[in-house]
Amino acid sequence: MGLVQGSPLSPVFSNVYMMDFDAYMESKYSFCRFADNINIYCNTEEEAGKAFADANYYLETKLGLKINQKKSGIYPAIVRTFLGYEFKRDKAAKVVIAIKAGKKKCEYYGTWHPSAIQKIEQDYHIISDGILNRKDFSILFEGENHKIFIPVEACSSINIYSNIIFGKSFLEYANQRKLTVNIFDKYGNFLGSFHSQEHYKRTSILLKQVTLYNDPPKRLELAIKIEIASLHNQRENLRYFYKHSKKESLKKVIESMTDYMSQMKNVKDINQLMMIEGRAKQRYLQTFDDMIDNEEFPFEKRTRRPPKNEVNALISFGNTFLYRRIANAIYKTALDIRIGIVHSANSRSESLNLDIAEIFKPLIVDRAIFSVIHNLQVHRNTHFETAEEEGIYLNNVGKRIFIRELEQKLNLKLSVNGQKITYDRIIKNEIHKILCCIEKDEKYKPFKYT
């Protein structure tokens, strides 16, 4: 018998079980315990040896516990950190003092579980084949070479890009814990999602969304704001590269984008707005070769289903990634994702996430593409593959690299109204602003990068 791993109650149960041991140790030694991590502080190595033997005897004989000999021993306390504290010797006072350890910069290890799972913040990305099941109070992924536990308390979504067998217990547990599971094909195209049955929306908000959708002037007012914000953020990318390259072609498109934004303010309906948006997007994409500036990655023009070159493969994968991230956030609100503002709700199962993505694609997806190419993180011959119909897609290694970069962009902090917040939080705030606009008739002001 033992304590169930992964349960929030496990530390409580362990404290109850170890109560007598704690009292015994405190009566004899300078002692500190956190769960199964036990530190005893002594003045000499001889004292430490006796204390070590005493603790071993009590744990094994009276509590029936096994000692992990590989991790147990006698060590100098000065070079160790425990519970966030470092120990320093004060030579003048001839004492050892505890000092709170400084925070170290968080690092991302891109090769961690390279053939199985990639975890960034609270989002897990499964790129290799395997099985998902519930194990105690965690989710267990079993791949060919790995068994990896996913703690549900620290998991927001699971994104699957491979062949996965779902155990019945996994789906039941995902529903219970309100986890979102997104499924993609091996090319990064979105196939579908699993959501908790509790994600169904309030009827009052649904009726207000439908009312807004069927109110052409009000809907057009919001749609114009969204599209102008999108063009503004595209223009910011152009300005950045013009500042560093002084290419005349970029300057001309910057002027065109400003003109398109002015035209949008005077449109009479959504169709006119979308025509201007289409022309502006075409001009923006025509500058990709200038912004990328790498002969190994020619863009030429936008191609979809299938993407015909590596840059188009990155755009398609990145756009789908962002659509799902925004969809995950919308499903946690009272908004109905089926009813959009800019995009028509007639033939799509999801529209609102596409609207919000228009604002953030230049800032997240496009900048991630520029980063992985400019920093030589991806290469044509090693990170892409050719599939049927001569389409070009990211391979597993390429997906891992690009997902990491997209996540890093989402978790990049910038100053907004005097506060440092991430793009991930900004996106959630954007959804909240739209909800307040629909529910409370508050003025909507979309995010614009400055």
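Bear in mind that the values in this text are calculations on the coordinates, not laboratory data. Since we're looking at a predicted model, the values are computed, not measured. Every residue, glycine among them, receives a Cβ derived from its backbone with ideal geometry; neighbour counts consider all protein chains shown.
The spacing between region 388-450 and region 296-318, judged by their C-alpha centroids, is 21 Å. By the rule of a C-alpha distance below 19 Å, with chain neighbours fewer than 8 residues away ignored, the aspartates and glutamates paired with Lys88 are Glu45. Rounded to 0.05, the FRET efficiency of the Ile99 and Lys252 pair, given R0 = 56 Å and the Cβ-Cβ distance, is 0.45.
As an exercise, find the ratio Rg/Rh for the chain from alpha-carbon atoms, using the Kirkwood inverse-distance average for Rh. Please list the in-between numbers first.
On the way: Rg = 27.6 Å, Rh = 25.8 Å.
Rg/Rh: 1.07.
Compared with the alpha-carbon gap, the fully stretched path from Asn37 to Asn56 is longer by 5.5 nm at 0.36 nm per residue.
Semi-axis lengths, largest first, of the ellipsoid equivalent to region 263-314 are 28, 13, 5 Å, with √(5λ) applied to each eigenvalue of the Cα gyration tensor.
Please compute, over every Cα-Cα pair in region 312-450, the percentage with a separation greater than 28 angstrom.
Working: 2451 of 9591 pairs.
Result for the distance tail: 26 percent.
Compared with the dominant Cα axis of the chain, that is its longest principal axis, helix 248-264 is turned about 80°. Would you mind checking Lys100/Lys409; Lys265/Lys445; Lys268/Lys433 for any pair whose Cα atoms are more than 20 angstrom apart? Violating the 20 Å Cα-Cα cut-off are Lys100/Lys409; Lys268/Lys433. A straight chain from Arg239 to Ser415 at 0.36 nm per residue would run longer than the Cα-Cα distance by 61.4 nm. When the alpha-carbon atoms of region 117-194 are used, the pair Rg, Dmax equals 11.3, 33 angstrom. Across region 117-194, the relative contact order, built from alpha-carbon pairs under 8 Å that are at least six residues apart, equals 27 percent. Applying a threshold of 30 Å to the alpha-carbon distances of Lys218/Lys251; Lys208/Lys252; Lys208/Lys448 flags Lys218/Lys251; Lys208/Lys252 as lying beyond it.
Shape of region 203-440 from the C-alpha gyration tensor: prolate (a/c of 1.5 or more and a/b above b/c, with a ≥ b ≥ c the square roots of its eigenvalues). Ordering 207-217, 228-238, 334-344 by mean Cβ neighbour count within 10 Å, with the highest value first, yields 228-238, 334-344, 207-217.
How long are the semi-axes of the ellipsoid equivalent to region 361-416, from square roots of 5 times the Cα gyration tensor eigenvalues, in whole Å, largest first? Provide the component values of the computation, followed by the final result.
Numbers: eigenvalues 122, 25, 18 Å².
For region 361-416, the ellipsoid semi-axes come out as 25, 11, 10 Å.
Dipole size of the chain about its Cα centre, with +1 on Lys/Arg Cβ and -1 on Asp/Glu Cβ: approximately 1180 debye, rounded to the nearest 20.
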